[in-house]
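Asks: Starting off with a structure, shown below.
Please treat every number below as a calculation from the coordinates, not as lab data. Since the model is a prediction, treat every value here as computed from it, not as a measurement. Don't worry about glycine lacking a Cβ; one is built from the backbone with ideal geometry, like all the others, and counts go over all protein chains shown.
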Amino acid sequence: MRFEVPPGKVPPNDAARRFWSERTWSEFAAVPAVSQVVLALVRAGAPLEVLGAYTAIADDEVRHALLSRDLAERLGGYVDEIPEGLGYAPQGLALPSDVPAHVWALANGCFSETVSLALIRARYAATTHPVVREVLNETLKDEAMHVRVAWEVAGELLPRLPGDERLDLVSYGQDLGQMLRSTFGTQDLPAALKRRERKLRDETAKAGLGALSADEENAIVDLALGEIFDRLKTLLR
């Protein structure tokens, strides 16, 4: 049965409805990304158990998108138009890809899911509204499983790579980290877009409706990325 946004009055809030609309876009974009992992794992001959874990993750991402969209509606109305400059469009991630499984698993799982887990955990701790806390708690349980699966797969795939491919992954990870700083955080965005995104987070955080301040979220993203790079170095030795 699909978990639904629990009953209870949620105060209309323009910043929060826009923030949760962005959460919807982010979760929706994860659906084709996880699907790409599944396809790449099939090409690589992965066991059915691993494929099953990733198909379950894809289902979770759909559910998270629906929860975020429903919460945005309750907060005053879901916004379906993605502003130019934000990299959430799922259609681009759905294009045919021959990128190998270890790259997709690293990008979507080890990086994106680990950063997401750190942010959701911190948002849950700081959020005061009970309905929003329930949505975050439901998502948090799933994200923890996603991160575990991703690092288990990485632990199987990455140590087997030739030395030159390992070096390429280190460079790729640095580029990916910079991208995530502007996807999950507000760093390196164009000035006008950065001001808008910072305001959304700051006002949503002040209302206790599911975000942290922009500075706090950027710090969490940086900390999570540092931990990812440390863990990645161990796998790529």
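Asks: Which is the longest part of the chain that has none of the GluC sites (Glu not before Pro) sitting in a DSSP loop with at most 15 other Cβ atoms within 10 Å?
Replies: After excluding every exposed loop site, the longest remaining stretch is 85-237.
Asks: Tell me what the chain gives for mean residue ellipticity at 222 nm when only DSSP H runs of n ≥ 4 count, each as -39,500 (n - 2.57), the sum divided by the residue total, rounded to 500 deg cm²/dmol.
Replies: On the way: 9 runs with 165 residues, N = 237.
Taking each H run of at least 4 residues, the total per residue is -23500 deg cm²/dmol.
Asks: Between SER182, SER21, SER171, which gets the highest mean-square fluctuation from a Gaussian network model of the chain, Cα cutoff 10 Å?
Replies: SER171
Asks: Be a star and scan the range 150-189 for residues whose amide nitrogen sits under 18 Å from the point 7 Å along the Cα-to-Cβ vector of ARG43.
Replies: So the set is 154, 157-158, 161-162, 165-166, 169.
Asks: Just ALA105, ALA30, ALA94 to compare: in a GNM of the chain, with alpha carbon springs under 10 Å, which one fluctuates most?
Replies: Highest fluctuation among the options: ALA94.
Asks: For GLU152 and ASP222, what is the calculated FRET efficiency with R₀ set at 25 Å and r taken between the beta-carbons, to the nearest 0.05?
Replies: Numbers: r = 25 Å, r/R0 = 1.00.
For R0 = 25 Å, the calculated efficiency reads 0.50.
Asks: Can you pull the one-decimal nm distance between simple spin-label points at ARG237 and THR128, each 7 Å off the Cα toward Cβ?
Replies: So the label points at ARG237 and THR128 sit 4.7 nm apart.
Asks: Distance in nm between label sites at ASP59 and ASP215, each 7 Å beyond Cα in the beta-carbon direction?
Replies: 4.4
Asks: I need the Debye-formula profile for the chain: one equal scatterer per C-alpha, no solvent, reported as log10 I(q)/I(0) at q = 0.11 1/Å, two decimals.
Replies: Results for the chain at q = 0.11 Å⁻¹ read -0.55.
Asks: Averaging sequence separations of C-alpha pairs under 8 Å and six or more residues apart, then dividing by the length of the chain, give the relative contact order as a whole percent.
Replies: Averaging sequence separation for qualifying contacts and normalising by length gives 26 percent for the chain.
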